[in-house]
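The values are calculated or read from the model by the stated rules, or taken from the named source; none is laboratory data. Everything quoted here is computed from the prediction, not taken from an experiment. A quick note on method: Cβ atoms are made from the backbone with ideal geometry, for glycine too, and the neighbour counts reach across all protein chains shown. The accessibility values were calculated without ligands, DNA or RNA, using every heavy atom of the protein model including side chains. Shrake-Rupley method; radii C 1.70, N 1.55, O 1.52, S 1.80 Å.
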Amino acid sequence: MERPPRMGSSLFPAPFQDLVDLFRRLPGIGTKTATRLAFHLLQSSESERQELASAVSTLKERLLPCSECRNIVASPPPESPEVPRCAICLDPARDSTILIVVEDIQTLYSIEKSGEFRGRYHVLEGRLSPLEGIAPEMLRVRELLQRLENPDIREVVLATSPTTDGEATALYLSRLVKPLGIRVSRIAFGIPVGLELEYVDEVTLIRAVEGRHPF
Ligand SMILES: [Zn+2]
């Protein structure tokens, strides 16, 4: 266990310590790694630092959500009439009869990296949570139902996390989707209960998708 640094006791001058503190706010980065990254930047060239700063500061403006699934897409040039659609939604070789519902883009990429799932995605952008005040209208539920008007879609796989909120979200969605005559399945196999899906390794995740069961 790392002890949090005492206030005002930093060995480093403020500009350096500020950078270390910023890195420490990132997931998975402790004091040691944060300090190493800051020293690395201190020793790197001006252009390397500029490149990093620019990649960070323009990240949001250079990306758009896919108009179908909400995956991220590189922004088209300004005044382009194109509606942004991601490579997965544009790929005619993907199976358009099966839609997998995930909470976030990280989970989409975890499943995608395995290369085993050939259907399409729908990113909910969260999960229902009465405690946090997250209601269905704050998620991409309406958009999901709109997509399901496409008669090609025969199965919806609910890949929300096996947490209480994730399960409640899956149940809520299944009650909406089943009356439409679309098969609903839920991933199950090999995922420890209570775990956020974005932390599950790809092999486990793809087994979970393959081992899905009717829901
Ligand atoms: Zn897409």
How about segment 11-67: which GluC sites (Glu not before Pro) there are in a DSSP loop, with at most 16 other Cβ atoms within 10 Å of their Cβ? Glu61
Whether segment 14-57 is rounded, prolate or oblate, judged on the alpha carbon gyration tensor where a/c under 1.5 counts as rounded: prolate
With a cap of 14 neighbouring Cβ atoms within 10 Å, and only residues DSSP puts in a loop, list the trypsin sites (Lys or Arg not before Pro) found in segment 78-122. Arg118
Count the DSSP beta bridges whose two residues both fall in segment 64-214, then state the antiparallel fraction as a percent rounded to the nearest 5. 30 percent
Using a 1.4 Å probe on the protein heavy atoms, what percent of the accessible area of the chain belongs to carbon and sulfur? 58 percent
Please give the contour-minus-distance gain from Ser80 to Lys113: 0.36 nm per residue of separation, less the Cα-Cα distance, rounded to one decimal in nm. 8.9 nm
Stokes-Einstein D for segment 90-215, Kirkwood Rh over Cα pairs, 20 °C, 1.002 mPa s (µm²/s): 148 µm²/s
From the gyration tensor of the Cα coordinates in the chain, what semi-axes in whole Å does the equivalent ellipsoid have, largest first, with each one equal to sqrt(5λ)? 38, 23, 16
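Please give the per residue accessible area of the chain, computed with a probe of 1.4 Å over protein heavy atoms only, in Å².
Per residue, the chain has an accessible area of 63 Å².
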With labels modelled as points extended 7 Å from the Cα through the Cβ direction, what inter-label distance (nm, one decimal) is found for Arg25 paired with Arg49? 1.9 nm
Can you give me the long-range amide H partners of Cys69? Hydrogens built in the peptide plane at 1.01 Å from N, cutoff under 5 Å, separation of 5 or more residues or another chain. Cys86
